[in-house]
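Computed from the coordinates by the stated procedures, all read-outs in this text should not be read as laboratory data. Because the structure is a prediction, the values reported are computed rather than measured. Because the Cβ atoms are built from the backbone with ideal geometry, glycine has one as well, and the counts that use them run over all protein chains shown.
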Amino acid sequence: MGRKNSKNCGYADVLIGLQYGDEGKARVVDMLAKDYDVIARFNGGANAGHTIETNEGVKVALQQIPSGIFYPDKLLYVGSGCVINIEKITLEIDRLKQINVDLSKRLRLSCQASIIQPHHILIDVQTGKTIGTTRNGIGPCYADKAYRMDGDRLLNIKLGDLNDDPKKYFAIIKENLMAAAKMYGLSMKEIGDSDDLIKKLEAGFRKIKKHIESDTLYLEKKAQSGARILFEGAQSIMLDITKGSVPYVTSSNTVAAAAYVGGDLSPSYHRKTIGIAKAIMSRVGHGPFASEFGGKRSEDYCMTAVNGKPKYSQTVEIDYGVEKLLKSKEDFDIGVALRILSREYGTVTTRPRRVGILDLVQLSYAIRMNGVNELVINKCDVLNVFTSTKKAKIPLVVGYKLDGKNIDYVPGSVISYYKVKPVVEYLNSFRGTVSHIKDFKALPGALREFVLTVERKCGCKITGIGVGPERDQFVKIN
Ligand code: IMP
């Protein structure tokens, strides 16, 4: 029984971020969701921060639940490649209920998805600073998945295990906590009240129990009987644990192909891949970012923290004089101004995001590596800011030089990637707002030229651009 044997079977499309995350994937999923039956996640967990908005302007920040929430007839599936923070997903479900989004019959969580255990979060807080993780325990959880067991003690605990025998597996979760505390020399104060932690987890588990899907062929059966599935990637290509800027990455596979492992479906259902990018790039956490405004200075500035909190948050930067920064000769200053004007601060962490020029070498790499068929570019409205810079032009990275040689790929190691010198070209900029425009032909000529240039240089059809943060501020391109 394969896809080809059935005339009426469905298909799957994969939507992924092509840069370093935060490209606005959720708003595109929200827009496309009406044409699908199931929206499914295949990687990551509460490290993702997806914000979507209703037509009435209600903003909802999602971390673990797929973005199709506003369509009551759509099923939401969280695949085995995801890692589940029980407490946080319970809160998400409750918050959605408060705005009349009832998930009781729509949300399915794979029984094969691993649980984020309390010790994962403690270890991440202890060890994740150099990478700049979101402190959600993601890395330690995936690491335990790979470790599987420590002697007789099970490290990778899945939703299905808790479903089979909650008493047994909650006891192991407590043992894991104690063992990790010993290993990392954590005090009782640092751990907190372990009984209380487990009780809270148990209470959360009782609430989500009904969502656990024990049928490991659930999605395949849906597809077999005609369902159209949209896989929603979390994090992005450059954060992939193998293909990204390792080690400054997340701990799951974020590439399109991973949808057919962590999403619990055969690749024979694949129809197309949709890639999302942003006209001015951003990155959070440490690691190479070839087109960053201000390079290393910006990386260090954005990552400065005081008592675990970002030093230069939005509330600090809002008082900076944007006009003066934009006129500066320093790329660093232009980057700060762009961050303020395009509101590039972490949804979950509130960290200032590092910002950079749209990098077409990196984007082409992501498109080729993932077989992207359709490209969407968000935040194109912000490009008008460049009219206020000294050059008054839109910069684009069109080439990389590594040790004096031209290269057309993303280096596979961190030292080389930090050494890359981007080659920048400039396009004409445009004045005024474009957020009200709905038709490609009505866009300023310079913005149309920008779209056509990116399309040509990346060899991928651009099917839409974001021209503002609101749900309908989007221009479809046929
Ligand atoms: P972790 O996924 O929390 O382990 O963090 C690893 C790296 O990925 C850090 O640099 C994070 O800032 C980054 N990261 C994780 N999730 C996201 C996301 O949803 N958007 C952007 N960056 C992310």
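Quick notes
- Here the ratio of the Cα radius of gyration of the chain to 2.2 N^0.38 Å is 0.98.
- Once the C-beta distance of Glu56 and Leu91 is scaled by a Förster radius of 30 Å, the resulting FRET efficiency is 0.85 to the nearest 0.05.
- Applying the criteria of a DSSP loop state and at most 13 other Cβ atoms within 10 Å to the trypsin sites (Lys or Arg not before Pro) of the range 94-186 yields Lys105, Arg148.
- Take the Cβ atoms of Lys421 and Thr315, set R0 to 51 Å, and the FRET efficiency comes out at 0.90.
- In units of the rule-of-thumb radius 2.2 N^0.38 Å, the range 293-341 shows an alpha carbon radius of gyration of 1.13.
- Kirkwood radius, the range 230-374, all distinct C-alpha pairs, inverse of mean reciprocal distance: 16.6 Å.
- Projected label distance in nm at Lys296 and Tyr184, using a 7 Å step from Cα toward the beta-carbon: 3.0 nm
- Restricting the calculation to alpha carbons of the range 331-421 gives Rg and Dmax of 15.1, 40 angstrom.
- Three principal axis lengths of the range 5-148 [C-alpha, angstrom, descending]: 46, 45, 32
- With neighbour counts taken as other beta-carbon atoms within 10 Å, the residues Met369, Met149 rank, fewest first, as Met149, Met369.
- Normalised contact order of the chain, rounded percent, pairs of Cα under 8 Å and 6 or more residues apart: 18 percent
- Contour minus Cα-Cα distance for Lys391 and Lys405 (0.36 nm per residue): 2.3 nm
- Cα gyration tensor shape for the range 118-239, rounded if a/c is under 1.5, else prolate or oblate: oblate
- Assigned charges on the beta-carbon of Lys, Arg, Asp, Glu; the chain dipole about Cα centre (debye): 700 debye
- Every Cα-Cα pair in the range 387-478 was counted, and those over 21 Å apart are 47% of them.
- Cα-Cα over 21 Å, subset of Lys296/Lys421; Lys105/Lys221; Lys34/Lys476; Lys390/Lys476; Lys401/Lys457: Lys390/Lys476
- When shorter helices are ignored and each DSSP H run of at least 4 residues is given -39500 (n - 2.57), the per-residue value for the chain at 222 nm works out to -9000 deg cm²/dmol.
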